[in-house]
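Nothing in this text is a laboratory measurement; each read-out follows from the coordinates by a stated rule. Here the structure is a predicted model, which means the values were calculated and not measured. Methodologically, a virtual Cβ is constructed for each residue, glycine included, from the backbone with ideal geometry; neighbour enumeration extends over all protein chains shown.
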Amino acid sequence: MRSLFPSPKDEALPPLERELETVLARFFGSIPEEQRPLLSEWAPRLDIEENEREILIRVDLPGIQAPDVEVSVEDGILVLRGERKEEREEPMTRDRTYHRAERFVGRFYRAVRLPPGADVARIAAVMRCGVLTVSIPKKPEMLAHKIEVKPEA
């Protein structure tokens with residue numbers, strides 16, 4: 001599953017982005033303005049997997065500490081926010097030149113719409129080795145269970 005909330009950096013894309021947002025809003029409902037990423041933010045990569053008991057979301061956040069990550073649920077949407085701080089020890093000077101700077105720094109944002117069967121009260125998040133794992137248990141009534149078929153008496 002891919003996020004429906006990308007954060008493009010290209011200034012030429014906003015008209016196309018607005019048009020795409022309008023089309024997606026027809027199918028999935030509109031996204032409140034405060035939940036949309038700002039153009040200055042970056043979106044970390046994530047994987048979403050599901051098993052019979054829960055949904056697991058794993059987000060790559062190398063170099064980011066747990067206190068710098070915020071996980072919340074807002075109107076049925078799991079929101080991940082945070083910031084990767086600049087790691088450069090010295091500012092660029094005449095005798096120091098960066099030939100390539102590709103790593104994202106600054107604020108990040110990612111949002112994932114939760115399915116109706118998600119047990120929001122029991123969501124847990126753990127950061128380990130630069131990977132944030134968010135566990136979203138399913139409500140008991142959404143879990144598969146076997147129904148015994150009895151012979152007629």
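Quick notes
- FRET E, pair Val23, Glu49, Förster distance 30 Å, beta-carbon r, rounded to 0.05: 0.65
- Ranked packing of 44-57, 96-109, most packed first, by mean Cβ within 10 Å: 44-57, 96-109
- Using θ = phi - 60° in the Karplus curve 6.51 cos²θ - 1.76 cosθ + 1.60, the 3J(HN,Hα) couplings for the stretch 58-71 round to 10, 10, 6, 9, x, x, 10, 8, 3, x, 8, 10, 10, 10 Hz; x is entered for Gly and Pro.
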